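The values are calculated or read from the model by the stated rules, or taken from the named source; none is laboratory data. Keep in mind that what you see is a predicted model, and the values were worked out from it rather than measured. Reconstructed Cβ throughout: ideal geometry from the backbone, glycine too, with neighbour counts over all protein chains shown. Areas reflect the complete protein model, heavy atoms only, side chains present, ligands, DNA and RNA absent. Shrake-Rupley method; radii C 1.70, N 1.55, O 1.52, S 1.80 Å.
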Amino acid sequence: MRRRVLRMGYEDRKGRSTVREVEPAVFMGGRGGQWYLMGMDRLRQDVRVFKLDRIAWAEETAEAAPEQSPERYAAGLPGVLRESAEPE
């Protein structure tokens, strides 16, 4: 399996645009048919959830994404969902 770091343009809920490098982990479906990307956000140096319709563009880099233990994401998932009604 080829795991690569993604570089993407992302707009937060306040309309601010940033460029993020993300080590993708999983896509998740949510209420109302919304889709999210969960991964390690290098800008924030933590697990983040990105709403797909806020991703303006994305490109695969040549850099391999490091392996992360599933526990790294599982431990952050309840907190991320609970603390953030609106993903980044």
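What to note about this one:
- Selection from the range 49-88 of residues that are modelled with pLDDT under 90 and under 11 Å from Pro24 (Cα atoms): Val49, Pro66, Glu67, Gln68, Tyr73
- Of all residues assigned to the range 12-20, at least one qualifies as being modelled with pLDDT of 90 or more, surrounded by 10 or more Cβ atoms within 10 Å (Cβ to Cβ) and within 10 Å of the chain's Cα centre (by Cα).
- Within the range 1-11, restricting attention to residues that are basic (Lys, Arg) and out of contact with any Asp or Glu (no Cβ under 7 Å at 6 or more places or on another chain), the residue that is most open to solvent (accessible area, probe 1.4 Å) is Arg2.
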